[in-house]
Structures are given as C-alpha cells and as structure tokens.
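The values are calculated or read from the model by the stated rules, or taken from the named source; none is laboratory data. Note that the coordinates shown come from a computational prediction; the quantities given were computed from them, not determined experimentally. Ideal geometry is used to build each Cβ from the backbone, glycine not excepted, and the neighbour counts take in all protein chains shown. With ligands, DNA and RNA removed, areas are computed over all heavy atoms of the protein, side chains included. Shrake-Rupley method; radii C 1.70, N 1.55, O 1.52, S 1.80 Å.
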Amino acid sequence: MALAQAYALHFPDTPLRADVAQEQVWQKLEALAHHLSANPPARGLLQRLFAKPPAKIRGLYIHGDVGRGKTMLMDLFFDEVINWPKRRMHFHAFMQQVHGLRNAIKAHDVIARIADQLAHQAKLWCLDEMQIVDIADAMIVGRLYEALQSRGVILVTTSNLPPERLYHNGLNRGLFLPFIEKLQQTLDVVALDSRQDYRLGRVKAHDTFIHPLGPQATRQFEDLWNGLTDHDAGQPLDLAILGRTLTVPRAAHGCARFTFHQLCVNPLGPADYLALAHNFKTIFISGIPVLKVSQRNEAKRFILMIDNFYDARTRIVATAQTAAEGLAPKSQHGFEFKRTISRLKEMQSASWWGKTLAET
Ligand SMILES: Nc1ncnc2c1ncn2[C@@H]1O[C@H](COP(=O)(O)OP(=O)(O)OP(=O)(O)O)[C@@H](O)[C@H]1O
Ligand SMILES: [Mg+2]
C-alpha cells in the first residue's frame, strides 16, 4: 500500500505532507510487511520440524531526530502486517516487563526463559523509542536480543540515536558494545532524514517564553508540551552524571520538563546542564521568578544553564514572572545577565526553533 493511502486510513482528518525521506523508509517497511504477511511463522512442533528453514528476515532500526515521523511510519507498518503474532510497545514499557519477568522467574537460565515468554507473546515486536540510559537495561539487552533472535523473533524499532550512539558514555559501556554490533549485523539500520520536525508547526516561537505566571500561562505551557509530545505525559528518566544520578521528572519525545526550583534552586552544576542539553532537544521550565538580590546562587545557576543550553542550541519553553529583561533587576551579575537576556530573546526566534519564515 502506498504511504499516503496507509496514512489516510489511519489519520483520515489530517493531510499527509509529501516527504521523500519518509517515502524511502516506508518502502523498506512495506517490503518487510509484505514478506512477513506472506511467510507466517511455523506454529506447531511438526510444522516447525518439517518446515524449510525460514530465510533470514531482517528487522528494521529506524533512527532520526524528533518529530520526523518514525513512530507514525512504524505504526502504519504494524497495522499492515497480517498472519504474524505481533506486539507494539514503548521500549521503556517493554524493559519494565523484562525486569518484571526477571524478578519473577527463578531459574539459572533466566534470560532464556524470558525470551521464551516474549517469543510466545509475539514473533514481531515493534518497540518505539529505544533509548538506553540505565545500566540495568544496558547489561541485559544484548543477551536478551540474541535469545529472541534464536527464537525467530523479528524486531522493528525506532530511536533518536543510531545504534552506535546508544548508551553513549554509559558505565561499563564495553559490555554493551556486542549488542550494538548485533543490531548492526541483524537489522536494516535506516536514517529517517526528513527535513522538518512536524510537531514544530504547532509552535509559535515568540510565544515560548510565557509571562506573567498564572492560569493562562500554565495553559499555554501545557498546550506547548502537548503539541511537542503528541499529548504524551512523559516518564521519569534517570541520567547518570559523573557517578551521580540526575532525575528528569518527565521526559518524552526529546522534551524534558522541570520547575525552576528543580533546575536552579537545587544545587545543579555545569555537568548537569550539559547532560540535559545533550539528551534533550527542548527543555520546559516552569515558574521562573524575578530573582532577588539574595538569590545569588540561583542567578549564577540560571546564567550557567542558559549558556549551556544556548551553546547546544537547546530550545526552551518557559513560564516566568516577567519578560527576560525583568528577571534580575538588581543582579550583581549585571553584565553576565545581559548576555543571558539577549540569549533568551534569540531563543524565542523562529530561526532558533529551526523554522523557516514561511512556517511561522
Ligand atoms: N508527512 C507528514 N505530514 C503530516 N504530519 C506528519 C508527517 N509525518 C509526521 N507527521 C506528524 O508529526 C508528528 C510527529 O511524528 P512522529 O510522532 O511519528 O515523530 P517521531 O519521529 O516518532 O518523533 P519522536 O522522536 O519525538 O518520537 C505526529 O503527530 C505525526 O502524525
Ligand atoms: Mg516517536
């Protein structure tokens, strides 16, 4: 089925914008859907014994920046596959299930038993948003993937990162490398290089620094979160930073959400801001107050944070008591704060948000 046709069945009310990069990835997904649907897995023991060995089917690893349509394409693919026991899950939920099984199963070959159960549930697993930040996940996925493969399970997955950047800088990363190699050997790794983030059409850059505080600001903040995450409430995420953990209270689709208090009153440092900038495209910060003279440390952290986000071209959505100019009226960091104000202004421009003028 053509992409436009599959899309129209799924989203009858919103038009699909033509996108060459999506078409290319769709062709691969479509071919896989055909192949799977025409070659259902052998079911009973006899069938398995006498079936000719199945041709090696390669799953797909689709990576690309946020909002490019990875999930959309995977979901359309998922709907197209027939005759294959299939499941579609968020990667995080999948790993929670895996850890749950690991705690419940008392056997020495626990990975094999988990794989038995998962293969029994489905022979095609579509896992959205593969992301490995947790050492507990990192140390189990390699063996699990191998065990699933030997049971004929096909994986189709999306991620913001190519395989080689998964678990980047993670603890004991050496033990994780075989998994990366396995993914590269067994899956078709494809980059979805669409030129635009389709969610950005919902954002007006000049409305991203919202003030004054109040119900109206909160609503606007919430609307932007929903627009940029497709109404995903997000999940807590632990980032390992220099042997510590920084907990992101809510993370979804390249967006992370904090209060000003969590980012600038709590004693965070440069490594924290840098890690946030590297892991997220957009940071949501609620409740930035007018800083009092006594809040020297908060002001320092705020300056440092904006500098880090600016250097990494991170986007910010914020609610604040006043416009950027009014945030530190009596600051001792006058000169530095001027730079912060100017950067905050630039961060509210359409070009900062990667939009062409035609889109604003
Ligand atoms: N070609 C298109 N035309 C119109 N809307 C599109 C198109 N491609 C994607 N979208 C819409 O853009 C939004 C983002 O797409 P999707 O969720 O698939 O992105 P993603 O690549 O999975 O992003 P993330 O990495 O954040 O999960 C969705 O609401 C989707 O329906
Ligand atoms: Mg997605």
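Using the Cα gyration tensor of the range 1-146, with a ≥ b ≥ c the square roots of its eigenvalues, what is the shape: rounded (a/c below 1.5), prolate (a/b larger than b/c) or oblate (neither)? It is oblate, given that a/c is not under 1.5 and a/b is not larger than b/c. Take the Kirkwood radius over Cα pairs of the range 112-161, plug it into Stokes-Einstein at 37 °C and 0.692 mPa s, and you get 286 µm²/s for translational diffusion. For the range 192-316, the relative contact order works out to 20 percent when only alpha carbon pairs closer than 8 Å and six or more residues apart are counted.
Taking 1 over the mean of 1/r across every pair of different Cα atoms in the range 74-124, what Kirkwood radius in Å do you get? Before the final figure, lay out each step's value.
Numbers: mean 1/r = 0.0822 Å⁻¹.
12.2 Å is the Kirkwood radius here.
Between His63, His108, His253, the residue with the greatest mean-square fluctuation in the GNM of the chain (Cα pairs under 10 Å linked by springs) is His108. Per residue of the chain, the DSSP helices (runs of n ≥ 4 H) give a summed -39500 (n - 2.57) that works out to -13000 deg cm²/dmol at 222 nm.
Across the range 110-218, counting alpha-carbon atoms alone, Rg and Dmax equal 19.1, 58 Å.
Here is the P(r) of the chain: all C-alpha pair distances, binned every 10 Å from 0, give 5, 22, 28, 23, 14, 6, 2, 0, 0 in whole percents.
With Cα atoms as the point set, the radius of gyration and Dmax of the range 202-360 evaluate to 14.9, 45 Å.
If you run the Gaussian network model on the chain, springs between alpha carbon atoms under 10 Å, then out of Met347, Met139, Met130 the most flexible one is Met139.
Between Gln5 and Lys300, take the C-beta separation as r, use R0 = 51 Å, and let me know the FRET efficiency to the nearest 0.05.
Rounded to the nearest 0.05, the efficiency is 0.35.
Applying 1/(1 + (r/R0)^6) with R0 = 35 Å to the Cβ-Cβ distance of Asp109 and Ala191 gives a FRET efficiency near 0.45. Summarising the label geometry, the points placed 7 Å from Cα in the beta-carbon direction at Ala233 and His211 lie 3.2 nm from one another. With all protein chains kept in place, the per residue accessible area of the range 1-143 amounts to 54 square angstrom at a probe of 1.4 angstrom. Extension gain, Leu171 to Asp311: 0.36 nm times the residue separation minus the Cα-Cα distance gives 47.8 nm.
Spatially, the range 152-225 and the range 258-325 are offset by 21 Å when compared through their Cα centroids.
Build a GNM of the chain with springs between Cα atoms under 10 Å apart, and of Ala233, Ala275, Ala217 the one that fluctuates most is Ala233. Between amide H atoms placed 1.01 Å from N, distances below 5 Å from Leu60 occur with Leu155, Val156, Thr157, Asp188, all of them 5 or more places distant or on a separate chain.
With kT/(6 pi eta Rh) evaluated at 4 °C and eta = 1.567 mPa s, and Rh the Kirkwood radius from Cα pairs, the range 165-219 diffuses with a coefficient of 81 µm²/s according to Stokes-Einstein. If R0 is 22 Å, the Cβ-Cβ spacing of His34 and Thr14 corresponds to a FRET efficiency of close to 0.25.
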